[in-house]
Amino acid sequence: MKSSLAVLCLFLCVQNSHAASLERFQSYLRTTQAARADFQQKVYDKSGKVVQESNGNFALLRPGRFRWTYVKPPQVIVGDGERVWIHDADLNQVTVRRVTRVIGATPAALLAGASDIDKAFELVEGGEKEGLQWLEAKPRDKESGFERVRLGMSASGVEAMELVDHFGQTTVLRFSNIVRNPQFDPGTFRFTPPKGADVLGE
């Protein structure tokens, strides 16, 4: 789930210094209220071996609303502004958590546009790699579940993200077909558990 939520900050716009990053982030908050994109995701273990591959699409509407859909294995994650619903289609199981419990000091907090971002993250310039400029966001909360998030940017925006967890696994995401400020049907960010599904959580 952390890897999935991590991707929700992918549209964070940054520059090459701490101050410029925050300025660009504020600009992002002012100008981007909604977005959608496709993604490819790979998870690598500590030795660099691919242990999981997936793809899908997502939609987001600030503040706090999003729909993250994995094609295979089928899974849907929906944030309705108050709760986050995770539906595993294979198990027909739904897990629900309050947004405040899920977001906290996570990459999703970047999406939420918290005014105290500096209290939750340490932002560090990550240099250039693969033709992209990178920004590293390190959570100040040591119990956040991950060590750092790296955002890879080109002149046109964010093209990649890397999430490193405390177990040495790295989740790498590549984004395509990004659209800023599209119109969404309100039902996009609502979730009703399917009939017969086991519902766990709050």
Quiz item: When both residues are 6+ apart or on different chains and their Cβ atoms are under 6 Å apart, which pairs have a first residue that lies in the stretch 128-140 and is closer than 10 Å to Met153 by Cα, and a second that is of a type in the set (Lys, Arg)?
Solution: Trp134/Arg150
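Counting residues that are among the hydrophobic types (A, V, I, L, M, F, W, C), touching a Lys or Arg at 6+ places or on another chain (Cβ under 9 Å) and in contact (Cβ under 8 Å) with a residue 12 or more places away in the chain, which strands (runs of 3 or more DSSP E) fully inside the stretch 141-202 reach at least 1?
Working: elements: 146-154, 157-165, 170-180, 198-201.
So the answer is 146-154, 157-165, 170-180.
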Exercise. Examine the stretch 30-37 for a residue that is assigned to a helix (DSSP H, G or I) and either on the phi < 0 side of the Ramachandran plot or modelled with pLDDT of 50 or more (or both), and state whether such a residue exists.
Key: yes
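The values are calculated or read from the model by the stated rules, or taken from the named source; none is laboratory data. Predicted model only: the values in this text are computed from it and were never measured. For neighbour counting, all protein chains shown are included, and Cβ atoms are generated from backbone atoms with ideal geometry for every residue, glycine included.
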